[in-house]
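To start, the structure under review is shown below, and the notes come after it.
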Amino acid sequence: MTDPMTYLRATNPVRQSELPPINAGVWSAMQDSIASTPRAPGEAQQQTPRRKRLGKRGALTTGLAVLLIGGGAGYAGIEGWFGGTPQGPNCLADWSDQDAAVIGSWLTGDAIADCDTLMRGAGLAPIEDPVAFTLQDYTYVTPAGQVPGGAHILASGVAVTPQALEMRQSAFDFVDGGNAACRTVPEQVEWARTELKRLGLQGWSVVEADHQDPDAPCSWADAQEPGVVTVGTGADPLDTFAAGTWPLADQLRAKIADRCLTVGEAKDLAEELYMKYSSASADDTLTATAITDDASDCARVDASIGGSVQITVYGPTAKP
């Protein structure tokens with residue numbers, strides 16, 4: 001496993017303590033919340049460093065805002081910047097300036113297109129002459145003349161296939177996905193196998209985490225590792241996520257998943273429902289990601305929560 005959070009969750013280093021188990025959604029929330037803790041009322045505004053993380057599109061408390069990164073990734077053995085997130089693109093207009101990195105979750109799986117969206121969302125110009133590449137299991141986009149030695153260039157810019165990306169998003173989805181209900185481990189395994197079949201992901205496997213808590217009431221699913229869906233015991237999602245998430249989940253399910261809409265209709269409605277039913281402030285906004293799938297008859301929706309909410313809709317451009 002290349003993702004340290006996935007590794008920690010699988011090994012569960014606190015399993016012998018009296019602390020309750022932490023499920024997949026909480027790990028994601030911890031990662032984003034570290035970066036997005038709001039300042040106390042009346043606290044002076046801190047000068048914003050140039051290094052930015054654009055969360056999961058539409059923060060619960062700060063909207064489509066620039067979130068700050070902690071941890072200070074540094075320089076590795078060769079010239080260049082190593083760091084950021086393995087769960088999305090790392091966008092640098094200047095490879096030598098890690099403080100100017102914009103980091104976010106995958107939106108479409110196309111690193112160049114996603115960096116274009118993330119840079120614009122952070123109020124920055126798109127990267128000039130962009131090239132996507134991987135280095136030490138991370139995906140970066142930089143100007144063509146700044147690709148470091150040892151990098152593997154992605155000719156098409158696509159770092160995650162649409163099917164694999166949808167599996168990742170579905171695993172965290174609280175509308176009708178992996179976080180939509182309290183399932184036992186066997187039920188979650190069966191759900192994951194059904195999703196893999198629906199998406200045509202042949203060759204993928206479903207495995208159970210090495211350490212399971214017999215007292216945990218529910219389970220989680222994780223599809224960050226390529227070719228593998230991991231299932232483990234965890235808390236009830238209803239007790240895990242912010243209270244405002246569940247009315248939003250119910251509305252997304254009833255008004256998008258249970259109806260037959262085009263991808264455009266679903267996108268507009270998802271953004272409207274977010275503003276109405278989430279715990280967003282009056283100034284908050286969310287831009288849902290819309291992915292065209294003209295092979296489908298109706299739109300479908302995935303929504304996940306970390307320190308912020310990400311909503312992706314898939315569907316046809318016109319009704320059949």
Every residue in segment 220-239 that is closer than 16 Å to Gly178 by Cα and either free of Cβ contacts under 8 Å to residues at least 40 places away in the same chain or of a type in the set (Val, Ile, Thr) (or both), please.
Val228, Val229, Thr230, Val231, Thr233, Asp239
So which strands (runs of 3 or more DSSP E) are wholly in segment 137-235 and hold at least 1 residues that are crowded, with 23+ Cβ neighbours inside 10 Å and touching a Gly at 6+ places or on another chain (Cβ under 9 Å)?
138-143, 218-222, 228-234
Candidate set from segment 291-302 (those that are assigned to a strand (DSSP E or B) and either basic (Lys, Arg) or touching a helix residue (DSSP H, G or I) at 6+ places or on another chain (Cβ under 6 Å) (or both)); member that is surrounded by the fewest Cβ atoms within 10 Å (Cβ to Cβ):
Thr292
Mind listing whichever residues of segment 250-284 are at pLDDT below 90, part of a loop (DSSP other than H, G, I, E, B) and surrounded by 15 or more Cβ atoms within 10 Å (Cβ to Cβ)?
Ser278, Ala280, Asp284
What about Pro86, is it touching a helix residue (DSSP H, G or I) at 6+ places or on another chain (Cβ under 9 Å), in a loop (DSSP other than H, G, I, E, B) and modelled with pLDDT of 90 or more?
no
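Only residues that are in a helix (DSSP H, G or I), charged (D, E, K, R) and crowded, with 19+ Cβ neighbours inside 10 Å: list them for segment 94-115, please.
Asp114, the sole residue that qualifies.
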When Gly264 is run through (1) in contact with a strand residue (DSSP E or B) (Cβ under 8 Å, 6 or more places away or on another chain); (2) more than 19 Å from Asp293 (Cα to Cα), the failure sits at (2)
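The values are calculated or read from the model by the stated rules, or taken from the named source; none is laboratory data. Because the structure is predicted, anything quoted here is derived from the model rather than measured. Backbone-built Cβ (ideal geometry, glycine too); neighbour counts: all protein chains shown.
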